[in-house]
Amino acid sequence: MKKTNRNEWMNDVTPDLSADEKSIKNNKLAGFKHIFNFSARYWGGGWALFGSLILFLIFAMLTTSEATETFIMGWLEQTKQASGLDFIVKTGAPILIILVLLLTYRFFCRTLSDNRVFKAWALSALTLFLASVSVKLNVAFAMWSKAFYDAIQSRNEAEFWIQSSIFIALAIFWVLVGTYRQFFQQLLQIRWRTWLTQIFSNQYFDRNRFYFFAQQEQQDNPDQRIAEDLDKFTELAIYLYFGAYISVLSMYEFSKLMLDISGDINFNHFGLNFTIPDYLFWLAVIYAIAGSLFIHYVGRRLIKIEALRQRYNASFRYHLIRAREYAEGITSLQGANHHREESRRLFGIVRSNWNTRMWVLKFLGFSSLSYNQASVLFPILLMAPRYFADKAFTWGNFMQILRTFGELRESLSWFIDNYQNIAELRGTATRIFALEDAFSRIDAFNGASELTVTPNNVGGIAFTHVSLSRPQLNENEQLTLVTQVSGLNWHISQGDRWLVTGASGSGKSTILRAIAQLWPYGKGQIDVPTKAKMLFLPQRPYFPIATLREALSYPATSEVYNDAAYETVLEMSQLHHLKDRLSESANWGQILSGGEQQRLAFARVFLQRPEYLFLDEATSALDLENERSLYATLLNFMPKVTLISVSHHTQLSQYHNQSLDLTANTTNETGGFKAKIQAI
Ligand SMILES: Nc1ncnc2c1ncn2[C@@H]1O[C@H](COP(=O)(O)OP(=O)(O)OP(=O)(O)O)[C@@H](O)[C@H]1O
């Protein structure tokens, strides 16, 4: 007996994916400008978002400035000493301001018809404000620690208790601010994601683009891009946006502190005096910029690797989903093993990508950790000569500068610390933008079609000089068109019953697709009725996973019809046994037999009663008796229906009065098929 190796997947040699990486052109990667403009649409435009950021930075500078601090401290001091009416006025002022802001918010939310931009602004403003407060609280903690440890060192018990209670107050405030900041950030995220998902879903389903996507585009997994990439994109973009804001603020705060403690540096050259204020700050900036450039050089591959990671994971999952969808077809061919091996191959690709990512991250980690360690030594080396030369420069000054430099460097290293997140953001953005481009390409292709389908009152459906082609990819993966049906002139008058016949693959279904505006490949003119209700029944009907009522009423809701109607149409379709299962929810497309599904589709026809009915081998799975009884019921129940049936069953000719037969076109060098029209 063959011994199975439990570790065989682990021992597989992973494939080389460098060709995939090379196939992503650098100019196709999402740049920051594109990401910014794309994000800004939610906030009302690029200038709006840019302006809001500048406004908030100014606001943050003001709120964190010393003048504001003195004002707040003065107000606190006065409130503490105030009594009676004066106290009420002093404490009531900020509460009144908050109340006015809340009421203004509610007013605008209710009066603006599209309050999306307003709410986005308000939420961002609130979150940015809380972010500013949390930075300020961090500074307060730094100040507090000095006072607290001084009190301990000087054994000042009274001061110790005062500082302890200040800590409790600060901590409560810090917890509240931190929690609410995260909460509002998440609220903003889900609102933005909802808005984007709505736009992308609309674009995907509008004008049947999801149908054309599969035919015209080589792009992988559009569904995953809508469901997951948009989620990742909004999460990372918001996280990085607020993170960048906080780091800019901390940079401001700690550079201010640095200015206080390190002083200026003076040069005396060419008889002129130069003063560089805050010189340690500038050194930290130069140090961080140099580090960032280096990290970008080391990690730049990561953007492509991240974009591919999403693709490989999605393909692996799609393969598993297909196994579920086609479970019966796979098991009947005993294809489970093949499917498992394919899973193994696809997962091998996922692993290979992960391995490459791991190596790049290793180099990145090596570089960024070395950068962080070097940053410990860098300020020491900068200050050591000054410490040894200047006796007034105390050990306390030295330590304070060291600490401030550390904080400053950390805020400046935001880009380095977030390199991986930025790469992931650009990777997901690349996939989202490619999807948007695909939608425009589909529109452009279909818009340029020489086959026009126009709603007109020509008393039925009219084909004038119509030729239909089928799309095919050539060796260079370009879309080419091959003639399928040529020179079609066909008039379907109201009440006609047409039987469309022809060899398999001759183009019968293609003709019906052209009427349904699902076939842009061809030329000529098709006139269709303006208002008439048309229904197309394919060979394999679609049923949603829902109650039988909903499966029948699809795409309308189940309330549109009553139970008596459902029961009648089930009886008319020879499905008496399903009458008591109307409320049962199931995957009807999988649990019903092929013939039952086709009969259920007929039940739908009886419910919806269309004026034009197109049956594309809609009875192919039925026995002759059932087929005959369904057609008889149909024509009895809807005697005025215009019927177009595509079928290989000759017995159906008795229910039709005209026929269109597709035969090979041997007279024309373009090949394909031509139509022969005659009365039955
Ligand atoms: N989405 C598509 N993309 C490319 N080619 C297609 C597509 N759909 C159909 N074709 C091709 O167009 C030709 C006509 O297909 P069509 O489905 O119209 O044939 P049919 O006459 O209805 O065949 P059958 O009787 O077997 O159902 C076939 O060669 C088919 O492979």
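Worth pointing out:
- Test: residue in region 44-52 that is open to solvent by 70 Å² or more (accessible area, probe 1.4 Å) and either modelled with pLDDT under 75 or touching a Pro at 6+ places or on another chain (Cβ under 7 Å) (or both): no
- Residue within region 39-53 that is within 29 Å of LEU308 (Cα to Cα) and either of a type in the set (Lys, Arg) or not in a helix (DSSP H, G or I) (or both) present: yes
- Residue in region 452-466 that is within 15 Å of the ligand (Cβ to nearest atom) and either polar (S, T, N, Q) or closer than 30 Å to ASP580 by Cα (or both) present: no
- Residue match in region 249-269 (condition: in a strand (DSSP E or B) and either open to solvent by less than 60 Å² (accessible area, probe 1.4 Å) or among the hydroxyl-bearing types (Ser, Thr, Tyr) (or both)): yes
- Selected residue [farther than 20 Å from ARG426 by Cα, in contact (Cβ under 8 Å) with a residue 24 or more places away in the chain and open to solvent by 30 Å² or more (accessible area, probe 1.4 Å)] from GLN153, GLN215: GLN215
- Leading residue by the ranking (nearest to GLN484 (Cα to Cα)) among those in region 613-668 that are within 48 Å of the chain's Cα centre (by Cα) and of a type in the set (Val, Ile, Thr): THR663
- Only residues that are closer than 16 Å to SER315 by Cα and out of contact with any Leu (no Cβ under 9 Å at 6 or more places or on another chain) were counted in region 347-359, giving 5.
- Given (1) open to solvent by less than 20 Å² (accessible area, probe 1.4 Å); (2) farther than 27 Å from ALA120 by Cβ; (3) among the β-branched types (Val, Ile, Thr), index of the condition THR275 fails: (1)
- Test: residue in region 661-679 that is buried (at least 19 other Cβ atoms within 10 Å of the Cβ) and closer than 19 Å to ALA551 by Cβ: no
Residue-wise test of (1) closer than 26 Å to ILE432 by Cβ; (2) in contact (Cβ under 8 Å) with a residue 12 or more places away in the chain.
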site	(1), (2)
TRP121	yes, yes
PHE160	no, yes
ILE168	no, no
GLN186	yes, no
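- Leading residue by the ranking (farthest from VAL177 (Cα to Cα)) among those in region 106-130 that are open to solvent by 40 Å² or more (accessible area, probe 1.4 Å) and modelled with pLDDT under 80: SER113
- Answer residue from region 538-563, given it is open to solvent by 60 Å² or more (accessible area, probe 1.4 Å), touching a residue at least 40 places away in the same chain (Cβ under 8 Å) and away from the ligand (no atom under 16 Å from the Cβ) and is nearest to LEU512 (Cα to Cα) among those: TYR542
- Some residue of region 73-82 being among the small types (Gly, Ala, Ser), out of contact with any helix residue (DSSP H, G or I) (no Cβ under 9 Å at 6 or more places or on another chain), exposed (fewer than 10 other Cβ atoms within 10 Å of the Cβ) and not assigned by TED's automatic domain parsing to the domain that holds LYS256: no
- Where a residue in region 220-236 is farther than 20 Å from ASP20 by Cβ and its partner, wherever it lies, is part of a helix (DSSP H, G or I) and among the small types (Gly, Ala, Ser), with Cβ under 7 Å and at least six apart: ILE226/SER201; PHE233/ALA429
- Among the strands (runs of 3 or more DSSP E) confined to region 467-537, the ones with at least 2 residues that are within 13 Å of the ligand (Cβ to nearest atom), open to solvent by 50 Å² or more (accessible area, probe 1.4 Å) and touching a strand residue (DSSP E or B) at 6+ places or on another chain (Cβ under 8 Å) are located at 479-493.
- Residue list for region 565-619, restricted to those being within 16 Å of the ligand (Cβ to nearest atom) and either of a type in the set (Asp, Glu) or open to solvent by 30 Å² or more (accessible area, probe 1.4 Å) (or both): GLY594, ASP616, GLU617
- Scan region 620-654 for residues that are open to solvent by less than 10 Å² (accessible area, probe 1.4 Å) and under 25 Å from LEU548 (Cα atoms) and the total you get is 4.
The values are calculated or read from the model by the stated rules, or taken from the named source; none is laboratory data. Remember, it's a predicted structure, so these values are computed and weren't measured experimentally. FYI the Cβ positions are ideal-geometry reconstructions off the backbone, even for glycines, and counts take in every protein chain you see. Ligands, DNA and RNA are stripped out before the accessible areas are found, and what is left, the full protein with its side chains, is counted by its heavy atoms. Shrake-Rupley method; radii C 1.70, N 1.55, O 1.52, S 1.80 Å.
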